[in-house]
Every structure is written in C-alpha cells, then in structure tokens.
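Readers should treat all values here as calculations from the given coordinates under stated rules, not as data from a laboratory. Just so we're clear, the structure is a prediction, and the values are computed from it rather than from any experiment. As a convention, Cβ positions derive from the backbone with ideal geometry for all residues, glycine included, and neighbour counts pool all protein chains shown.
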Amino acid sequence: MRSFAYLVPESVGAAVDALGSARPGTKILAGGTTLYDLMKLGIETPPVVIDVHRLPGMSGIEIGADELSFGAGARMADVADHPEVRANYPGLSESLWRAASQQLRNMATIGGNLLQRTRCAYFRGGPEFPCNKREPGSGCAAIGGHDRAHALFGGSDACIATYPGDWAIALLAFDAVVDVVGPHGERAVPLAELHVEPGKDPSREHTLAADELIVRIRVPATKAGRGSTYHKIRDRESYAFALASAAVALTLDDQGVVGECRIALGGVATRPWRAAAAEQSLTGQRLTPEAARRTGEIAFAQARPGHQNGFRVELGIRTVADAVRIAGKRASR
C-alpha cells in the first residue's frame, strides 16, 4: 500500500471543501470495508483519504409517513435491524442482512455500499490480466475468458463485469433517491441514474462528480413495502455474492390480482437492473405459479450469456419466480 495523506473534516461542508481542493484520485473513507481492500491490491492509490465516518448528522434513520430517510453514514447492520424497516420494508432489510458478514455489516455504511466496485477476478487479479475498468484501453480478459460470474445484461465490447451490491438492487425497486452535496450545493440523484453501464469507458461507474459526497438515501413510502422480499441465490449461504437475485415488491387485492409491482435484478448486470417489462406483465394479473414463472421468463428474455454463465438464465428466471411468490404471500397477510 502506498503512503497517503489522511484528513478528518469536522463537518459536511469541510468535507466538501477538502474534496474540492484535493488532488485527483482522492478518496472518501466511510466504513473502509471496500477501499482498504482495493488499496492493498494496488487498484486504488489515493494521494489523500478523507475520513467522513464521524461526521455529525450522517447516520440518522427516519421513518416518515411519506418517505424513509437514511443517513449515508448509517451502518448496514443498523438499517437492516431497524424494527420499522424489518416490519414494513422486509425487502430493504433482507438486502442488507444477506450482504457480506456480520463483522462487515457492523462497519460498512449504506452510502459507501452503493459505490462498491466489482468483484471481477480479472479486475482484482493484477496487471497480468487486461482490464479496461482498471486500465482503460488494455482490453477485457473476461470476454472470451472465465465468465461464470459475469453480466448477462448491460455489458459492452469493453467490459462485462457484474455490479456486486445487494442494497442498491432493493433501493432501485423502491425508486430511491440519493442526495449528494458538492461545491455547488445539494442535488437529488434517482438511484436509477446513479450507476452507468460500461460502454466504451468501464472506468466510469457512476454519475457523481469527484467533489460530491453522498449524504442521505430517501425511499418513497409505499404499501408495496410489506409485500416485498430480496431473494438471493449464491454458491454458499453466507458471505458470497449473488449469482442471481431479485428485489420484488407488490400489492394484491382480495382476488389475488397484482396492483403495484416492482422488480429489480441483482448479480446479473453491469449495474442495478430494473425489469420493467416483467413488472408490466404481472400488473393486473392474478398471482399464480404460472404467472410468477412467466414474469421470470420475461425478466430474462433479453439476457446475453457468454461461455460459462448460461446456466444463470434459468437460475435467474427461477429466482424471480420464487421472489414473486414470497412477496405475494407477504402482501396477502
């Protein structure tokens, strides 16, 4: 790990000032559970690290009638275990409980979690593997290589690395908004517009400016929250990234007909992926096993498998179908 300067601002304003005047490559430190790993691997080599994990007012959790508000510095474990989140938005809670290990959830922040970088083995494997995300223009070893865990959606000729997070998938299903602050003030970024597909420049992963800081995450209140789940399939039950996951939230009437419907996919795309066509196909339909299966098929109709990851199309279909059934049972209570 290379040497770096370490700054500890005492306010959000001071943190923004420090970001604005810092050298290129400066990084924010919150929980540190991702940044330290990348620094040890030599992927991140920041000249300056700005520690924001003690900033006042950054870790609050507020559950209002119109929206849920989470400070970006709130720990994953605290949000996951909040009684109102667990009771009324189980999909949000589960997306955090099923991420990482208990030790990491106690340290990691929900703001930092949104910006974690891919677990692609070629990205993390060192300079012997070409990787456009790590070194633009060098190529992509995953294309034509071992692609078992790589993306089925959103890839390009330059990169097929999968977005690894769980929390962002559930937030996408709930139309969350991310509030960020920079030298020009505060702005709201819809979660759907936060992450970008690799295109020709895989090194660009989100739409935040280098001098902007996430301060909170807001989720509009919805009755579909009670009928929600985050269903995650992985190689092992604990501390593993998704081979396929689905965040589903829906409402049902007395006849079992789906009203509101939200579906987002994780573990299968280069960014959090909304399955809009699948949502539309289920809305207004009776929730039957056949309808759930059809919803999964529509969600994965445009998947583009590579050499070793084709099995994840059927896995993804079943994941969505199971998630729809779980959400339906909760919505009917």
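In this structure, the amide hydrogen of Val189, modeled 1.01 Å from its nitrogen in the peptide plane, lies closer than 5 angstrom to those of Val178, Asp179, Val180, counting only residues at least 5 positions away or on a different chain. Distant-in-sequence amide contacts of Leu29, defined by a placed amide H-H separation under 5 Å and a gap of 5 or more residues or a different chain, comprise Ile50, Asp51, Val52.
Since only Ile28, Ala161, Ala192 are under comparison, the one whose Cα sits farthest along the positive direction of the charge dipole of the chain, derived from C-beta charges on Lys, Arg, Asp and Glu, is Ala161. Cβ crowding within 10 Å, taken as a proxy for footprinting-reagent exposure, orders Asp166, Asp157, Asp37, Asp66 from fewest neighbours to most as Asp66, Asp157, Asp37, Asp166.
Under the definition of Cα pairs under 8 Å and six or more residues apart, what whole-number percent is the relative contact order of the chain? Relative contact order comes out at 17 percent. Ordering Ile298, Ile326, Gly227 by Cα displacement along the dipole of the range 224-328 toward the positive end leaves Ile298 in first place; charges were set at the Cβ atoms of Lys, Arg (+1) and Asp, Glu (-1).
For the range 74-83, the Karplus equation 6.51 cos²θ - 1.76 cosθ + 1.60, evaluated at θ = phi - 60°, returns couplings of 5, 6, 4, 5, 5, 5, 4, 9, 5, x Hz by residue, with Gly and Pro reported as x. Tell me the net charge near Glu67. Cut-off is 11 Å between Cβ atoms, Glu67 excluded, with +1 for each Lys or Arg and -1 for each Asp or Glu. Overall, the nearby charge balance is -1.
Computed about the Cα centre, the dipole magnitude for the range 224-328 is approximately 320 debye when only Lys and Arg (+1) and Asp and Glu (-1) carry charge, each at its Cβ. Counting only lysines at least 8 places from Lys40 when in the same chain, those with an alpha carbon closer than 16 Å to its own are Lys27. Near Pro127: Cβ cut-off under 9 Å, other residues only, Lys/Arg at +1 and Asp/Glu at -1. The net charge is -1.
Per residue, the convex hull spanned by the alpha carbons of the chain comes to 126 Å³. Net charge of the neighbourhood of Ala18, taken over other residues with C-beta under 12 Å away and scored Lys/Arg +1, Asp/Glu -1, is -2.
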